[in-house]
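K.L.:
Got a structure here, written out as structure tokens. Questions coming.
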Amino acid sequence: MNVFSTQKYTNAPVFIWGKDGSHEESAKSLFEEVTALTDKDFSLAVFDVFDWNSQFSPWAAPAVFGKENFEGKGSETLKFLEKEFLPDIKSKFDGSKIYLAGYSLAGLFSLWALYESSQFSGAVCCSSSLWFEKWDEFVSLHKLKSPSRIYMSLGDREEKTKNQVMAKVGERTRNQIEILKNDCNAERVYFELNKGGHFDEPLKRLAKGIAALLESKASSE
């Protein structure tokens, strides 16, 4: 686990980010991007992901790009966070609210986790893979487990793709915003439309989301 913090051992929010591969440099870059946008205290805690499509997919689904299917081991990832990762975080940052942060499939996982666990105070979900098979059915039948603040964003070119499954991302994201606005546990819902496609400036988009939740927390206290 790598932890980056503006002020350790306070009740400042902690953002948990799952990253594949060698993540230390990416984590430092994200931390710096956030601190350039806000002067609020926060911590960024990073955990390793070794099989992105497997560990962040909430259930099994066929491949939509390439040949790698989604194995649906998101529940194992969530169990690891709840049973192993969060106890360590809470011991270091007693009283801190904990948020998830994710991009693409990790953004989908972060949102899904709020429907499955009461351990989080919200999430930053950027360019989330809401085109995922049966997501629309799942979200229509579930409510957030606890009061949550949620930031979502999407690139304005992301739904303009020839892949008919992924092209659903725009409609699914707009529907998701409306669903969240009607969820009694959604304390605040933010949506931002960025310029560009799915792969444009992911760290900057995540940083904007983290900064938005930090600023909203400060303004409500």
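The values are calculated or read from the model by the stated rules, or taken from the named source; none is laboratory data. As the structure is a computational prediction, the values presented were derived from the model and not from experiment. When we count neighbours, we look across all protein chains shown, and the Cβ atoms used for this are built from the backbone with ideal geometry, even at glycine.
K.L.:
Filter segment 53-86 down to the residues that are crowded, with 16+ Cβ neighbours inside 10 Å and of a type in the set (S, T, N, Q), then identify the one that is nearest to S117 (Cα to Cα).
P.N.:
Selected residue: T77.
K.L.:
Go through K162, K217 for me and flag whichever is at pLDDT below 95, buried (at least 17 other Cβ atoms within 10 Å of the Cβ) and of a type in the set (D, E, K, R). Spell out how you get there, then give the answer.
P.N.:
On the way: K162 fails: buried (at least 17 other Cβ atoms within 10 Å of the Cβ).
On inspection, the qualifying residue turns out to be K217.
K.L.:
Among the candidates A60, A106, which residue alone is under 20 Å from K28 (Cα atoms), in contact with a strand residue (DSSP E or B) (Cβ under 8 Å, 6 or more places away or on another chain) and of a type in the set (A, V, I, L, M)?
P.N.:
Numbers: A60 fails: under 20 Å from K28 (Cα atoms).
Going through A60, A106 in turn, just one is under 20 Å from K28 (Cα atoms), in contact with a strand residue (DSSP E or B) (Cβ under 8 Å, 6 or more places away or on another chain) and of a type in the set (A, V, I, L, M): A106.
K.L.:
Could I ask something else about it? Among (1) within 30 Å of E68 (Cβ to Cβ); (2) more than 17 Å from the chain's Cα centre (by Cα); (3) at pLDDT 95 or above; (4) exposed (fewer than 14 other Cβ atoms within 10 Å of the Cβ), which single condition is N182 missing?
P.N.:
Among (1) within 30 Å of E68 (Cβ to Cβ); (2) more than 17 Å from the chain's Cα centre (by Cα); (3) at pLDDT 95 or above; (4) exposed (fewer than 14 other Cβ atoms within 10 Å of the Cβ), N182 violates only (1).
K.L.:
Cβ-Cβ under 9 Å, sequence separation 6+ or interchain: first residue in segment 94-122 and under 14 Å from L180 (Cβ atoms), partner surrounded by fewer than 21 Cβ atoms within 10 Å (Cβ to Cβ) and basic (K, R). Which pairs?
P.N.:
Close Cβ pairs (under 9 Å, with a partner that is surrounded by fewer than 21 Cβ atoms within 10 Å (Cβ to Cβ) and basic (K, R)) amount to L114/K145; Y115/K143; Y115/K145; G122/K97; G122/R188.
K.L.:
Are any residues in segment 54-85 charged (D, E, K, R) and in contact (Cβ under 8 Å) with a residue 24 or more places away in the chain, and if so, which ones? Step through it out loud before you land on a result.
P.N.:
First, the residues of segment 54-85 that are charged (D, E, K, R): 67-68, 71, 73, 76, 79, 82-84.
Scanning segment 54-85 gives a single hit, E82.
K.L.:
Of all the helices (runs of 4 or more DSSP H) wholly in segment 1-116, which have at least 2 residues that are among the hydrophobic types (A, V, I, L, M, F, W, C)?
P.N.:
Values: elements: 24-35, 52-55, 74-80, 86-92, 105-116.
Counting at least 2 such residues, we get 24-35, 74-80, 86-92, 105-116.
K.L.:
Consider S146 against the criteria (1) without any contact (Cβ under 8 Å) to a residue 40 or more places away in the chain; (2) within 18 Å of V14 (Cα to Cα); (3) buried (at least 17 other Cβ atoms within 10 Å of the Cβ): it satisfies all of them except one. Which criterion is unmet?
P.N.:
(3)
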